[in-house]
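The values are calculated or read from the model by the stated rules, or taken from the named source; none is laboratory data. If you're wondering where the values come from, they're calculated on a predicted model, not measured in any experiment. Quick reminder, even Gly has a Cβ in these numbers, built from the backbone with ideal geometry, and neighbours come from all protein chains shown.
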Amino acid sequence: MREQEIVFKNGNEMAALAATQMNFHVMGYFPITPSTGIPEELSSHKAEGHHETVLIPADGEHGAAGICYGAAIAGGRVINATSANGLLYALEQLPVQSGTRAPMILNVVARTVSGPLDIKGDHSDIMYTLNTGWIILMAKDPQRVYDFNIIGTKIAEQQEVMLPVIVTSDGFFTSHQKRRNYIFKDNKHVQEFIGEYKPQYTALDPKKPVTFGPYMNEPDLINNKVQLSRAMDKAYDILPKVMEEYGRLTGRYYNILEAYKMEDAEACLFVLNSSFDTATEAVDLLRKQGKKVGVVSANVIRPWPKKEIQDIFRNVKSLCVADRQESYGAKAGNMSIEIRATLKDDLENKTLVFSKIYGLGGKEFYVDDAVLLLEEALQVAENGKVDKDFDYIGAYEGNKHYEPKKQVENVVSDYFENNLTVEKDDETDTLVVKGVNTRELTVMPKRIAPGHQACPGCGIFPNLNLFTKGLKGYVVFLFHTGCGMVVTTGYPYTAFRTTYIHNLFQNGAATLSGVVEMFHEKQRRGELDKDLEITFVMVSGDGGMDIGMGPAIGTALRNHNMIIFEYDNGGYMNTGYQLSYTTPHLAESKTSIVGHAFKGKSTFQKHGGRSTFHKDTPMIMAGTHIPYIATVAESHPVDYVKKAAKAQYVAQKEGLAYVKAISACPLNWKSPPEEQRSVIGTAVESCYFPLFEIYHGITKITYDPEKSQKKMPVSKYFDRMGVTKHLLTEEHKENLNSIQNEIDRRWNRLKALDEHPLL
């Protein structure tokens, strides 16, 4: 046995520890709760110099999967982590990777798949991967997360296998709950166990040029799939041997199945992952009453342990298979379906099987729940028949007489009217806004009601309320996933006084464009009043214009009659502040932690070159040539409201308008909540966030701090935020100068665009 030490860690931390000790080459990642802690921990370890892994932030989970695949076929050791819809977004890449035999490790921190949105743990995501050709290990506790990452890496790289591996743990139950665990004291013992990785083919060998993923006709493709199938068979043979070898090193021996008191069990329960420990307590309670019950789980579900399943249930009279997901329409969860099929192939097996669905959306699974399921299994064994072979547990019937309350009367009429008028000057091709009276605007009703759950000082709602004061009439909102969405729509409540739609980051713009076109088509067909006016606004933020950039550009190129409003708070804030493409260059985030070995925002380019500066989304959108683009800041409210009114005019008459606001996040910026408007003001005065608009390709600066003699260096802005203060030290003098030069370059370019309309 190798020397070990005790650590008190949760599942995410244990996954990161395993990755650190193995020193993977690359991690392509995108933040999503509850798996985000893994890249965060790896970033922390890198800041302290504990590993050399390159962490590459993708533009979404699909991009992260592509980064990982590319790194894998280049012959490196690769790791990733994701959850729920992030896994589904990456799903099409999974069979590509297994089909071309590129090993890697993917930690799936299992979480319910939306919609509606829920961030808690169940198994509705991992079951989508059963047919992707990946080995799937199930880690019921943090210790197994650590061990299975190491075991999985060794298995994946066996020449007879060469398949990617998923290590699945339960969101929050395992990922966030700390336990006492053992780890190797010396990293070299981990690396000795997994051995040197020597892939037969890589994309980086000039002496052996290789084609990965060619086009294949049907006679050839079936042979490819046969080879993949046989590789999975080899994995089934090798898994017990690798687990045995690992056990000799650690004293922790694992089997394909996890069983508790099954030697003489007549009635038993099958559950996966963290529920197993809960179920063992129920078994102990019933055993004290003289009842022969047991519980079984699986450490491996791909390759499927057919023989082990048949053997362990051969003498069991009754079996309850409890799934944390349902294969809808099949009247069962996936484990129930597979176990039933497996036992049916064993002609000697007479076990009566029934299915239960439990724990969806992170609903707790208590010992009492396990007792009830085992007692039902005992009853089935005694009666010799199953009365009800499928049901949910833990669901409850709602109030049949409930009627939703109407929040606002006459929202279509004058409830949200203002005195603003927007007129187009055809001679100069400009929009002129009249009637801006800040005193009158302050008494206008807000479309988002008080009572949301945002952090103190959050800039999202001052921005939204200020923006919507410039809008007349009825508004339909679509919100990307993000802080603005999460804190306003906790079921059964809503903070919206108007129609609200949610879709995921990566598809919000496309979804709202469908709503817009249906509105116009229904009006054309006479199914809606032709005089009805609705303003459609998509609200994005928290990095939503990274993962959602592609659909936003597609929407812009189609020029739908709508507004895209982005509140830019400089990071993925809804998952706890990870690096976004709008994060200030070299700023600290939870995936770009500053330490003695690592100095901030990631670098990827050859020979340690700098990563790009903060993303200039307005100029990207300008490249689509939509009618109107603007930037706004709450430090300049009159300018803000005028631009909102112009955006509405364009959305109703000309097409797409894009408006970007700089939005404070005091929690993650590490600045006092009461100072946020002045902090935003320094962003504007330093030209880090200049105020301008582009109408029909003509750029106009709407506030010039130079002319107002208020222009200040960017250091004044960075000094107001804890996440950038390290850039003001002597150590970062050169970096700060490079950031200032880039801001000056962008500002000078903007002035040139303002001065020369043809640019």
Yes or no: residue 424 modelled with pLDDT of 90 or more, assigned to a loop (DSSP other than H, G, I, E, B) and more than 34 Å from the chain's Cα centre (by Cα)? no
Does residue 142 meet the test of being out of contact with any Phe, Trp or Tyr (no Cβ under 8 Å at 6 or more places or on another chain), surrounded by fewer than 22 Cβ atoms within 10 Å (Cβ to Cβ) and assigned by TED's automatic domain parsing to the domain that holds residue 110? no
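For every residue, the table says whether it meets (1) in a loop (DSSP other than H, G, I, E, B); (2) over 23 Å from residue 233 (Cβ atoms); (3) of a type in the set (Phe, Trp, Tyr).
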residue	(1), (2), (3)
132	yes, no, no
148	no, no, yes
151	no, no, no
158	yes, no, no
Looking at the range 658-694, which of its residues are touching a Lys or Arg at 6+ places or on another chain (Cβ under 7 Å) and not in a helix (DSSP H, G or I)? 659, 671, 686, 687, 692, 693
Does residue 663 count as within 23 Å of residue 615 (Cβ to Cβ), in the same structural domain as residue 733 (by TED's automatic domain parsing) and modelled with pLDDT under 95? no
Restricting to the range 306-325, and then to whatever is in contact (Cβ under 8 Å) with a residue 60 or more places away in the chain and in a loop (DSSP other than H, G, I, E, B), can you tell me which residue is farthest from residue 126 (Cα to Cα)? 317
So residue 726, is it in the same structural domain as residue 516 (by TED's automatic domain parsing) and on the phi > 0 side of the Ramachandran plot: no
Return yes or no: is residue 378 over 30 Å from residue 112 (Cβ atoms), surrounded by 12 or more Cβ atoms within 10 Å (Cβ to Cβ), touching a strand residue (DSSP E or B) at 6+ places or on another chain (Cβ under 8 Å) and modelled with pLDDT of 95 or more? yes
Would you check if residue 64 is in contact with a strand residue (DSSP E or B) (Cβ under 6 Å, 6 or more places away or on another chain) and part of a helix (DSSP H, G or I)? yes
Pairs under 7 Å by beta carbon, first residue not assigned by TED's automatic domain parsing to the domain that holds residue 128 in the range 333-349, partner hydroxyl-bearing (Ser, Thr, Tyr), six or more apart or different chains? 333/327; 333/355; 334/327; 336/355; 337/327; 343/351
For the range 390-404, indicate whether the set of residues that are modelled with pLDDT of 90 or more, farther than 30 Å from residue 116 by Cβ and in a loop (DSSP other than H, G, I, E, B) is non-empty. no
Checked against (1) farther than 23 Å from residue 13 by Cα; (2) surrounded by 24 or more Cβ atoms within 10 Å (Cβ to Cβ); (3) modelled with pLDDT under 95; (4) of a type in the set (D, E, K, R), residue 610 satisfies every condition except (2)
Evaluate the following for residue 758: is it more than 30 Å from residue 461 (Cα to Cα) and either of a type in the set (A, V, I, L, M) or within 34 Å of the chain's Cα centre (by Cα) (or both)? yes
The range 1-46, subset β-branched (Val, Ile, Thr) and within 22 Å of residue 86 (Cα to Cα), residue nearest to the chain's Cα centre (by Cα): 32
Residue pairs qualifying under the 8 Å Cβ cut-off, at least six apart or on distinct chains, with the first in the range 233-252 being over 20 Å from residue 301 (Cβ atoms) and the second being of a type in the set (A, V, I, L, M, F, W, C) and in a helix (DSSP H, G or I), are 245/193; 249/193
What residue, among those in the range 436-494 that are touching a strand residue (DSSP E or B) at 6+ places or on another chain (Cβ under 8 Å) and hydroxyl-bearing (Ser, Thr, Tyr), is nearest to residue 419 (Cα to Cα)? 468
For the range 170-201, the count of residues that are out of contact with any Lys or Arg (no Cβ under 8 Å at 6 or more places or on another chain) and of a type outside the set (Asp, Glu) equals 13
Within the bounds of the range 290-302, is there any residue that is in a loop (DSSP other than H, G, I, E, B), charged (D, E, K, R), more than 23 Å from residue 135 (Cα to Cα) and out of contact with any helix residue (DSSP H, G or I) (no Cβ under 9 Å at 6 or more places or on another chain)? no
Residue that is modelled with the lowest pLDDT, among those in the range 201-228 that are of a type in the set (A, V, I, L, M, F, W, C) and in contact with a helix residue (DSSP H, G or I) (Cβ under 7 Å, 6 or more places away or on another chain): 216
Matching residues in the range 262-302 (crowded, with 18+ Cβ neighbours inside 10 Å, farther than 22 Å from residue 171 by Cβ, out of contact with any Gly (no Cβ under 6 Å at 6 or more places or on another chain) and small (Gly, Ala, Ser)) number 3
Selection within the range 98-127 - under 30 Å from residue 223 (Cβ atoms) and in contact with a Leu (Cβ under 9 Å, 6 or more places away or on another chain): 98, 99, 101, 102, 103, 106, 108, 126
